Amino acid sequence: MPELPEVEVTRLGIAPHLLGCKITAVKVIDGRLRWPVPRNLPKILQGQQVHSIERRGKYLLVELDLGYLLLHLGMTGTLRVLPSSEPLKLHDRVTFEFGKLSLRLHDPRKFGAVLWHPKTKGPIEKNSLLLKLGAEPFSPDFAGELGANILYQHSRGRSIAVKQFLLAGQAVVGVGNIYCSESLFEAGIHPAKAAGKLTRPQCTRLANAVRLILKKAIAAGGSSLKDFVNSDGDPGHFMVQTKVYDRKDQPCKICKIPIKQIVQGQRSTYFCPQCQKR
Ligand SMILES: [Zn+2]
């Protein structure tokens, strides 16, 4: 599943090609995505210019003259900029034409989203899909001790395991399953510890770890930027070298004790029983 780093690298990959460009046509090949693509979308978008492409959580927000195009990659989606002469492929769902270039949403499992938020409906931050998202890990709101404050405040009174607390994305977005294991290892926190028992210093270490791990993943994806302008690119996962994830029974990179695997909420968690304390 594309996680925050993949979506951020998608944004970095497509934005330079589309900023300032005008949509000349939109073709909906199959609009039965997570939510139906609005029927009148091609008519609405035609002639509008791209002013910015931002990201909130795993949503890409394409600012046009009259509103925002909200794009989500779902479970298996990818976005590519291609020459418009390139033939459509199986599982291409929507193609946005920009004269000689096309932006294509390829989505085999159809959990992606293509939605429209007109400026008349108010600021994009107020869109119901974005309103309840946790803090953005690289925003000023989550910088330094503010990030630790957010984790501390949100976790008070919660008996849920810290791994699942992070994964839920209500305090901070973007910490998917792999990044949860890696961040908790980096912070030296046991994944099954009750979120409400996190100490203040642990919240500081965890906020730092989340930023570090996501930053590394985005940097690792940077080498795949060119893949967003050809038809075959598959950037896959960016966490090239994990310290605990998928390393069951292999020696911890710090203390050499074998890494353990547990299942939390039907997802695998990996941790070092010695380096990560409850
Ligand atoms: Zn260890």
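Is it the case, given these coordinates, that R205 is touching a helix residue (DSSP H, G or I) at 6+ places or on another chain (Cβ under 6 Å) and either at pLDDT 90 or above or among the charged types (D, E, K, R) (or both)? Against the criterion (touching a helix residue (DSSP H, G or I) at 6+ places or on another chain (Cβ under 6 Å) and either at pLDDT 90 or above or among the charged types (D, E, K, R) (or both)), R205 qualifies.
Taking segment 142-178 on its own, how many of its residues are buried (at least 17 other Cβ atoms within 10 Å of the Cβ) and part of a loop (DSSP other than H, G, I, E, B)? Here the count works out to 7.
Restricting attention to segment 251-271 and to residues that are over 17 Å from L166 (Cβ atoms) and surrounded by 13 or more Cβ atoms within 10 Å (Cβ to Cβ), the residue that is farthest from the ligand (Cβ to nearest atom) turns out to be Q261.
Condition first: within 16 Å of the chain's Cα centre (by Cα) and either at pLDDT 95 or above or part of a helix (DSSP H, G or I) (or both). Can you find one or more residues in segment 31-54 that meet it? Scanning segment 31-54, I find at least one residue that is within 16 Å of the chain's Cα centre (by Cα) and either at pLDDT 95 or above or part of a helix (DSSP H, G or I) (or both), so the answer is yes.
The values are calculated or read from the model by the stated rules, or taken from the named source; none is laboratory data. Here the structure is a predicted model, which means the values were calculated and not measured. Quick reminder, even Gly has a Cβ in these numbers, built from the backbone with ideal geometry, and neighbours come from all protein chains shown.
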